[in-house]
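Enquirer: For reference, the structure I am asking about is given below.
Every number here is computed from the coordinates shown, using simple stated rules; none is lab data. What you are looking at is a predicted structure, and each value in this text was computed from that prediction instead of being measured. Positions of Cβ are backbone-derived with ideal geometry, glycine not excepted, and every protein chain shown enters the neighbour counts.
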Amino acid sequence: MTDSYTRFANGGLKPLVKKLGLPQPAILRRHQPGSPLTVGPVLVVSDAASAADADAVATVLTGWELDVRRSPELGERERFGAVVVVLTGAQRPEDVSAPVLAAGGTLRRLAGNGRVVTVARAPEAGDAPALAATRAGVDGIVRSLGKELRGGATANGVQLTGGAAVDSPSAVATLRFFLSAKSAYVDGQILPVGPSEASGDIDWERPLEGKVAVVTGAARGIGAAIARTMARDGARVVVVDVPAAGEALAGVANAVNGVALQLDVTADDAADKILAAAAPLGGLGVVVHNAGITRDKLLANMKADRWDPVVAVNLAAQLRINERLLAAGVAGLLAAGVAGLRIVSLASTSGIAGNKGQTNYAYSKAGVIGQTAATAGIVAETGGTANAVAPGFIETEMTARMPFVTRNVASMLPSLAQGGKPVDIAEAICFLASDAARGVNGQTLRVCGQHLVGK
Ligand code: NAD
């Protein structure tokens, strides 16, 4: 239904939708292998102190064969595909004025599905107040601009931490993700990126080549999309779901030329079964904790039969599997043959902002955000990462069960005025699972079309 509204609002009735002031969701451009990275030339602007970093960014973009411009002049029919605002050297609030206003002056000529990406530094402990203010302020620009842009355009920010260089592999990979159609439903987000060492050429079309990925809850919905997208990106995939979903699971496994593992993730031996299934394919490289359930009820009416299963599937199972993998810390990881392990867990915007009727679910999902931040430090010691993705309203069977009006209102609330697709979550997870993203660790990335809720 929400998808049909998007089509309706973009068809012959577009003028009526506009006249009535109804939400105007754009048709989002999603990744197709081989399609151009951006929909037009890319403008790079910066403040004076960030000029060298802006040059480095421009060099990277040119290396991707993008049409990079350093001044806002355009041909009569041209539209910018993206504007990159480099603010890494800004020291005082007044420094950001010129580049941000220069970017603003181009926004009327930003193409549909265009991108604005800031590249700035995170405020760090010990920063002088003026520097901290300058850096923290970028967050406000990105979040506001996300709400102003139209036509499927988005605003996001690469936030360098720990002295990461602007052209370090993970900074570059994050910039590319935000510029690309893979981030179609990511809007108004700032992603912190730490230092990362170079490790050979990156195959941007198959960034997961050679990796073995286990995806839980993969018989349908978001999990099935993750499996398909990981296979597209080159991974060998083990798909996991409960025995009752065995037939659908087998269908997904066949479609991705992968392996089906019928398993309840809450089982005591789940981690051992996962390790055993991955071993013949070359050993576990990526775990995606996607299996999840809802059992909504106001807390006043909540009983253990609704609270306990939600916490068991959504949070305790992730912890138990991770604990088995991390049993003896670094030694345990090495013994299990999982150095460089990438863990990506499904959180939810409900875990950030809360949601009526979902104290159980929001507890589990806020818990996922907490376990991710804590796990990150442990896996980092062997080159691994742990991150989470927080979906907003995604059109799946889980959300199809919501009442009609709630469902349609929820899908209109984000800045992008529509629900997301399972593939939008899958693209973010594939990015976080790739080696190029190894400088991103302990983070929760919202993929929510800039949903109104939360921070
Ligand atoms: P879904 O209900 O369509 O699919 C979930 C899958 O997990 C099902 O195939 C189910 O059989 C499986 N599963 C459930 N319990 C399991 C268990 N104990 N062991 C193994 N598999 C199990 O859900 P979805 O919408 O695709 O959501 C996937 C994930 O994304 C969940 O973690 C969910 O909380 C999260 N999420 C979804 C949305 C959304 O809008 N759809 C929003 C935020 C977060």
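Enquirer: Counting DSSP beta bridges in the chain, what percent are antiparallel, to the nearest 5?
Expert: Counting only bridges with both partners in the chain, antiparallel ones make up about 0 percent.
Enquirer: Neighbour counts of other C-beta atoms within 10 Å: give me D233, D268, D167, D424 arranged from fewest to most.
Expert: With the sparsest Cβ surroundings first, the list reads D268, D167, D233, D424.
Enquirer: Let me ask something additional. So if I place +1 on the C-beta of Lys and Arg and -1 on the C-beta of Asp and Glu, and nothing else carries charge, what would the dipole magnitude of the chain be about its Cα centre? I want it in debye, nearest 20.
Expert: Working: 43 positive and 39 negative charges, 330 e Å.
Approximately 1580 debye in magnitude.
Enquirer: So what is the relative contact order of the chain, in percent, for Cα pairs below 8 Å that sit 6 or more residues apart?
Expert: Computed value for the chain: 14 percent relative contact order.
Enquirer: If you don't mind, there's one more thing I want to ask. Which angle between 0 and 90 degrees, to the nearest 10, do you get for helix 169-179 versus the longest principal axis of the chain when only C-alpha atoms count?
Expert: 80
Enquirer: Return one number: the angle in degrees, 0 to 90 and rounded to the nearest 10, between the long axis of the Cα atoms of helix 221-232 and the longest principal axis of the Cα atoms of the chain.
Expert: The helix 221-232 is inclined about 70 degrees to the chain.
Enquirer: Could you check the simple spin-label distance between E323 and R150, using points 7 Å along Cα→Cβ, in nm with one decimal?
Expert: For E323 paired with R150, the spin-label model returns 5.4 nm.
Enquirer: So between E397 and R70, what do we pick up on full extension, going 0.36 nm a residue minus the alpha carbon distance?
Expert: 113.1 nm
Enquirer: In the stretch 57-112, which trypsin sites (Lys or Arg not before Pro) fall in coil by DSSP and have 15 or fewer other Cβ atoms within 10 Å? The partial results should precede the final answer.
Expert: On the way: sites: R69, R70, R77, R79, R108, R109; in loops: R70, R77, R79.
Hits after loop and neighbour filter: R70, R77.
Enquirer: Shape of the stretch 241-293 from its Cα gyration tensor (a ≥ b ≥ c, root eigenvalues): rounded if a/c is under 1.5, otherwise prolate when a/b > b/c, or oblate?
Expert: Oblate.
Enquirer: What net charge do the residues around G285 carry, taking every other residue with its C-beta under 13 Å from that of G285, with Lys and Arg at +1 and Asp and Glu at -1?
Expert: Its environment carries a net charge of +1.
Enquirer: Here is a follow-up. Sequence-distant or interchain residues sharing an amide H contact under 5 Å with I394, placed H: which?
Expert: Here G420 satisfy the definition.
Enquirer: I'd like to know which of V68, A103, A52 lies farthest towards the positive end of the charge dipole of the stretch 32-122, counting +1 on Cβ of Lys and Arg and -1 on Cβ of Asp and Glu.
Expert: Result: A103, furthest along the dipole toward the positive end.
Enquirer: Follow-up. Restricting to Cα pairs below 8 Å that are 6+ residues apart, what does the relative contact order work out to for the stretch 19-193? Please round to a whole percent.
Expert: 25
Enquirer: How charged is the neighbourhood of D127? Take every other residue with its Cβ under 13 Å from the Cβ of D127, and add Lys/Arg as +1 and Asp/Glu as -1.
Expert: Overall, the nearby charge balance is +2.
Enquirer: How do 274-282, 222-230 rank on mean C-beta neighbours within 10 Å, highest first? Could the numbers behind the result be given before it?
Expert: Working: 274-282: 16.9, 222-230: 27.1.
Ranked by mean Cβ neighbours within 10 Å, highest first: 222-230, 274-282.
Enquirer: Determine, from the Cβ-Cβ distance of R7 and D127 and an R0 of 30 Å, the FRET efficiency 1/(1 + (r/R0)^6), rounded to the nearest 0.05.
Expert: 0.05
Enquirer: Give me the count of lysine pairs in the chain whose alpha carbons sit under 21 angstrom apart, restricted to pairs 8 or more positions apart or on different chains.
Expert: Number of lysine pairs found: 17.
Enquirer: Still on this structure, please answer the following. Mind pulling the angle between the C-alpha long axis of helix 246-255 and the longest principal axis of the chain? Nearest 10 degrees, somewhere in 0 to 90.
Expert: Result, in degrees: 50.
Enquirer: Under the rule of -39500 (n - 2.57) per DSSP H run of 4 or more residues, summed and divided by the residues of the chain, what mean residue ellipticity at 222 nm is obtained, to the nearest 500 deg cm²/dmol?
Expert: Rounded to the nearest 500, the figure is -11000 deg cm²/dmol.
Enquirer: May I ask you to compute the full-extension gain from F404 to R77, defined as 0.36 nm times their residue separation minus their alpha-carbon distance, rounded to one decimal in nm? Don't skip to the answer; put the middle values down first.
Expert: Details: separation 327, 0.36 × 327 = 117.72 nm, distance 4.23 nm.
Here the segment from F404 to R77 would lengthen by 113.5 nm.
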